[in-house]
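Just so it is clear, none of the values below were taken in a lab; they were calculated from the coordinates. Note that this is a predicted model, so its numbers are computed, not measured. A quick note on method: Cβ atoms are made from the backbone with ideal geometry, for glycine too, and the neighbour counts reach across all protein chains shown.
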Amino acid sequence: MRTELDELLIKALESEGDTAAVNPFYAAFLRTSLYLPTRKNWQATTEKPFQPLMSDLNGNVFLLVFDTLSRLEIWIGDNHDEINHVEIIGHDLVDALGHHVYLGLNYETPYYKEFSPNEIARLKTVVEKTKPPKKI
């Protein structure tokens, strides 16, 4: 079954970069609840309540997220003893990402989307603009 993000991703890809089709995908991504795989046997602290699973592929750091719990569970497969997850809004995830991280949305599905560090940096500017002003 296709999700809202799947439909918007298809439209964005078919548009070949037309911002009228691409921007709705990014907006939906930022407001969507995402499922982030984490290490199950992590000793949580106040500073680090969970440990995201990250992969190093050819010197690039990848973080995977899924827009449905069922997609995450299919990806986890028989590794339920080792992998847990947290739910996080796309907006908060983008805000927390480091500068050199690649983000993979819905890995191993027909609707996989890879976000490069440059693409994430652009999303971070959108996130910054939507934050409430800091109190002095």
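Using Cβ point charges alone (K and R +1, D and E -1), the dipole size of the stretch 11-127 about the Cα centre works out to roughly 260 debye. Pairs spanning more than 28 Å between alpha-carbon atoms, out of 48/135; 40/113; 11/124; 40/129: 40/129. Take every pair of alpha-carbon atoms less than 8 Å apart whose residues are at least six positions apart; their mean separation over the length of the stretch 8-136 yields a relative contact order of 24 percent. By the helix-only formula, in which each DSSP H run with n ≥ 4 contributes -39500 (n - 2.57) and the sum is divided by residues, the chain has a 222 nm mean residue ellipticity of -11500 deg cm²/dmol. Summarising the label geometry, the points placed 7 Å from Cα in the beta-carbon direction at residue 4 and residue 58 lie 3.4 nm from one another. Using the Cβ-Cβ distance between residue 114 and residue 135 with R0 set to 25 Å, the FRET efficiency works out to roughly 0.10. The distance between label points at residue 125 and residue 11 comes to 2.4 nm (points 7 Å beyond Cα on the Cα→Cβ vector). When the chain is treated as a GNM with alpha-carbon contacts under 10 Å, the residue of 114, 87, 16 showing the greatest mean-square fluctuation is 16.
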